[in-house]
Amino acid sequence: MSEMITPYTISVSALLISLLSLLFQEFQWRRSNRPIVSAYICDAKEVRADSKVDLFNLVLINSGPIPASNIRLQVKESDLKKIFSDVITEQEKEIVKVCFDEESNVALLLNGEKAETYFGRSEHIGNGKCRGLEYDAWLPVKITYYDLNKRKYKTKIKLKIRDSYGFGGSILKITKSSS
């Protein structure tokens, strides 16, 4: 048994453990030092004067520590059709569709920055019906992007067509008196 554990065996084992540790550390470093691009839908207007109409912006944000480049959003045509109400103009559809065109990619998004574009509107016309985008509809989106070393990343996310004032559907606004 003592013949199996030689200084040579110990040295080779230590070298293998060191190499595996180095490879694992490189993997962890690449995983944590990369762009992280996500998307969400928010209100296009800050003040809500008319509660029957919601205007939406599509926002891309890079929450990773390094810049992202060549960011592209993709959707399936069948999923895109599901967010359009029965009462919508072709012009309103085109405004949404252009966000997913190949030419509409974002060239560079620095870490901590966001890019925003108008995404459409949802007008409540009564009886639970909407004109424009279907309120509360889900849209599965694939985000493809690169880091500055040309490594490719993909993220899948579901966007919800809903205002961002109250995630449960409503908010309570309490004002303090000035007495």
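The values are calculated or read from the model by the stated rules, or taken from the named source; none is laboratory data. On a predicted model such as this, the values are computed, not experimentally measured, just so you know. Cβ atoms come from the backbone with ideal geometry, glycine included; neighbour counts cover every protein chain shown.
Please determine, by comparing only the residues of segment 135-146 that are surrounded by 18 or more Cβ atoms within 10 Å (Cβ to Cβ) and not aromatic (Phe, Trp, Tyr), which one is farthest from residue 87 (Cα to Cα). In this case the residue turns out to be 143. For segment 83-96, the criterion of being small (Gly, Ala, Ser), surrounded by 16 or more Cβ atoms within 10 Å (Cβ to Cβ) and at pLDDT 95 or above is met by none of the residues. The condition (being more than 19 Å from residue 138 (Cβ to Cβ), in contact (Cβ under 8 Å) with a residue 60 or more places away in the chain and of a type in the set (Gly, Ala, Ser)) is satisfied by just one residue among 39, 115, 44: 44. With respect to residue 97, is the statement that it is without any contact (Cβ under 8 Å) to a residue 12 or more places away in the chain and closer than 26 Å to residue 162 by Cα true? Answer is no for this residue. Take residue 38 and decide whether it is assigned by TED's automatic domain parsing to the domain that holds residue 103 and within 30 Å of residue 127 (Cβ to Cβ). Taking the combined requirement at face value, the residue does not satisfy it. Select from segment 133-151 the residues that are within 18 Å of residue 164 (Cα to Cα) and without any contact (Cβ under 8 Å) to a residue 60 or more places away in the chain and list them in ascending order. Residues satisfying the conditions are 134, 136, 137, 138.
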